[in-house]
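Reading through the structure tokens given below for one structure.
The values are calculated or read from the model by the stated rules, or taken from the named source; none is laboratory data. Remember, it's a predicted structure, so these values are computed and weren't measured experimentally. Ideal geometry is used to build each Cβ from the backbone, glycine not excepted, and the neighbour counts take in all protein chains shown. Side chains included, ligands, DNA and RNA excluded: accessible areas come from the protein's heavy atoms. Shrake-Rupley method; radii C 1.70, N 1.55, O 1.52, S 1.80 Å.
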Amino acid sequence: VILGLSATLTMGSALGILEMLGHRRKPVIVNLDSVEDVDVRVDPEVPVIVKGNPIRSNLYFEVAIAPWGYDRLRYVVEMARSRVESCKQSNKGIGVVFTGYAESRVVEWANAASIARALRESLGVETLVYHGELGDRARRSVENRVLKGSLGEAVVVATKAFGMGVDIPNIRWVVFYTLPDSLEELYQESGRAGRDGGQAYITILYNPEDVKLKR
């Protein structure tokens, strides 16, 4: 028996994988959110796809119209300030600001280091940077410091490199500083928050210029 697992696999990708494995028969699809019973017959020639809703009920989503350019740095500073204060009043909590750029000359105001510098100087909390262009040792160092839970109210500014396989329980808020490349990325990166079951808040900053830049 072969069992494949994914939190965010699309149906198209799942069917493509089955075809690569040599299956030609139409799969039986079991939807965990459906109240209807599905008759799943044990037949090695017929694959079974079990699917559920990837969005957890403890995550709260909002979209905020945000300015373009360096004004967005000031905007995210004020948003992060309110989130950090909220964490201080309740319990230790970590925030993550996702950006699509580690080092870009075109949109320097969206670089991870630029965002981290603005947050560090304005909020006075520990601010860490995480992206794929860092070495393995540097990325593991950030993960370990966050996992120890000794940072109090901290912020991690990251690219999508932080979006998969990172299991930190007390991430209380996530901000998408720039639009993710796909819905799958949105799911993955949003899913870093609230992994302890507590409430967590996801804010997507939006401006029509973001869409033009992505295209």
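Observations on the model:
- Here's the list of lysines a cross-link from Lys88 could span, going by alpha-carbon distance under 26 Å and ignoring same-chain residues fewer than 8 apart: Lys148.
- Value of D in µm² per second that Stokes-Einstein yields for region 114-215, Kirkwood Rh from Cα pairs, at 37 °C (0.692 mPa s): 226 µm²/s
- Sorted from longest to shortest, the spans of the Cα atoms of region 62-106 along the three principal axes equal 39, 21, 18 Å.
- Mean Cα-pair separation over length for region 81-215, i.e. relative contact order, pairs under 8 Å, 6 or more apart, %: 28 percent
- Label zone at Asn53 (point 7 Å along Cα-to-Cβ), backbone N below 16 Å, region 178-203: 187, 191, 200
- Helical mean residue ellipticity (222 nm; -39500 (n - 2.57) per DSSP H run of 4+; nearest 500) of the chain: -10000 deg cm²/dmol
- Per residue value of the accessible surface for the chain (all protein chains in place, 1.4 Å probe), Å²: 59 Å²
- Two-site FRET efficiency, Ser141 against Arg24, from Cβ-Cβ distance with R₀ of 41 Å, rounded to 0.05: 0.30
- Stretchable slack from Glu78 to Glu62, in nm (0.36 nm times residue separation minus alpha-carbon distance): 4.2 nm
- Tilt relative to the chain, helix 112-123 - C-alpha long axis, 0 to 90 degrees, to 10: 50 degrees
- Value of D in µm² per second that Stokes-Einstein yields for the chain, Kirkwood Rh from Cα pairs, at 20 °C (1.002 mPa s): 113 µm²/s
- Gln188 sits among other residues whose Cβ lies under 12 Å from its own Cβ, and their net charge, with Lys and Arg +1 and Asp and Glu -1, is -2.
- Within a straight-line Cα-Cα reach of under 21 Å, Lys212 can be paired with the following lysines, leaving aside sequence neighbours fewer than 8 residues apart in one chain: Lys160.
- Whether region 105-157 is rounded, prolate or oblate, judged on the alpha carbon gyration tensor where a/c under 1.5 counts as rounded: oblate
- Derived scalar couplings ³J(HN,Hα) [region 73-89; Karplus, 6.51 cos²θ - 1.76 cosθ + 1.60; whole Hz; x for Gly, Pro]: 4, 5, 5, 5, 4, 5, 5, 5, 4, 5, 5, 5, 4, 4, 5, 5, 6
- Proximal lysines relative to Lys26, as straight alpha-carbon distance under 25 Å, when same-chain residues fewer than 8 apart are discounted: Lys51
- Apportionment of accessible area to carbon and sulfur, the chain, percent (1.4 Å): 51 percent
- Shape category assigned to region 67-161 from the gyration tensor of Cα positions, a/c cut at 1.5: oblate
- A simple charge model with +1 on the Cβ of Lys and Arg, -1 on the Cβ of Asp and Glu and nothing else charged puts the dipole of region 3-59 at about 200 debye relative to its Cα centre.
- Cα centre as origin, Lys/Arg/Asp/Glu Cβ charges: the chain dipole, Debye: 520 debye
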